[in-house]
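Engineer: Just dropping this structure here.
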Amino acid sequence: MSKKKKIIVLCSMVALLVLTGCLNYFLNRPSNKPTDADNQNYTDYFTSSHADREASRSETVMYYNAIIESEASSAEAKAQAEKDLAALVSSMETEQRLESLIKAIGYQDCLVTIGTSNVNVIVKAKELTDQEVAQVLDIIISETDKTAANVRIKPVDA
């Protein structure tokens with residue numbers, strides 16, 4: 001790879017880093033809206049978690065797109081970036097679908113993250129009964145290829 005192409009790739013990565021920092025700053029600014037303290041903690045936790053996840057994912061997507069669009073990238077690197085990007089998009093769609101289904105059974109908010117082997121579910125609740133855990137677990141198992149042993153369900157009571 002020529003020196004000029006390396007400089008372009010490096011500048012692109014620095015620009016992505018600056019963009020991520022700006023997104024993080026603007027998405028995590030404290031709100032001046034007066035609300036109940038407990039409700040604010042819930043809102044802050046879930047809003048912040050969703051915003052952090054979105055910012056991280058946006059940065060990753062931009063990174064993959066930079067590899068795919070770069071003339072300096074090898075065919076193998078482009079193919080791997082395309083494969084990884086498709087897997088990320090699929091994971092994002094599944095997480096969003098799971099969150100919608102969990103909210104549909106009565107939870108005000110939740111956060112689902114899918115890793116390579118585990119699914120983590122955080123629901124807005126003081127505590128969960130065995131029946132509630134079973135409902136959430138049933139959704140995860142029916143919508144993914146994960147087993148019960150690979151699912152973690154936690155209530156968050158701020």
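Engineer: Note down the net charge around Asn65, summing +1 for each Lys or Arg and -1 for each Asp or Glu among other residues with Cβ under 13 Å from its Cβ.
Structural biologist: My count for the surroundings of Asn65 gives -2.
Engineer: For Ala79 and Ser56, FRET efficiency with R0 = 25 Å and r from the beta-carbon atoms, rounded to 0.05?
Structural biologist: So, using R0 = 25 Å, E works out to roughly 0.60.
Engineer: What length, rounded to one decimal in nm, is gained on full extension from Asp157 through to Asp44, with 0.36 nm per residue of separation minus their alpha-carbon distance?
Structural biologist: 39.5 nm
Engineer: Past the 24 Å Cα-Cα mark, which pairs from Lys83/Lys146; Lys83/Lys154; Lys5/Lys78; Lys3/Lys83; Lys83/Lys124; Lys83/Lys103?
Structural biologist: Those over the limit are Lys83/Lys154; Lys3/Lys83; Lys83/Lys124; Lys83/Lys103.
Engineer: Based on the Cβ-Cβ distance from Lys6 to Thr116, what FRET efficiency comes out when R0 is 35 Å, to the nearest 0.05?
Structural biologist: It comes to 0.65.
Engineer: Now for a separate question. Could you tell me the accessible area of Asp130 in Å² (1.4 Å probe, neighbours in place), rounded to the nearest ten?
Structural biologist: 140
Engineer: Then there is this: Please give me the summed charge of the neighbours of Thr116: other residues whose Cβ is under 13 Å from its Cβ, Lys and Arg +1, Asp and Glu -1. Walk me through the numbers before you get to the answer.
Structural biologist: Details: positive: Lys146; negative: Asp84, Asp145.
Charge balance in the 13 Å sphere: -1.
Engineer: Assuming 0.36 nm per residue, please report the length gained on full extension of the stretch Thr147 to Asn28 beyond their Cα-Cα distance.
Structural biologist: Numbers: separation 119, 0.36 × 119 = 42.84 nm, distance 3.44 nm.
Full extension of this stretch gives 39.4 nm more.
The values are calculated or read from the model by the stated rules, or taken from the named source; none is laboratory data. What you see is a predicted model, and the numbers here were worked out from it, not measured in a lab. Glycine gets a Cβ as well: all are built from the backbone with ideal geometry, and neighbour counts include every protein chain shown. Ligands, DNA and RNA are stripped out before the accessible areas are found, and what is left, the full protein with its side chains, is counted by its heavy atoms. Shrake-Rupley method; radii C 1.70, N 1.55, O 1.52, S 1.80 Å.
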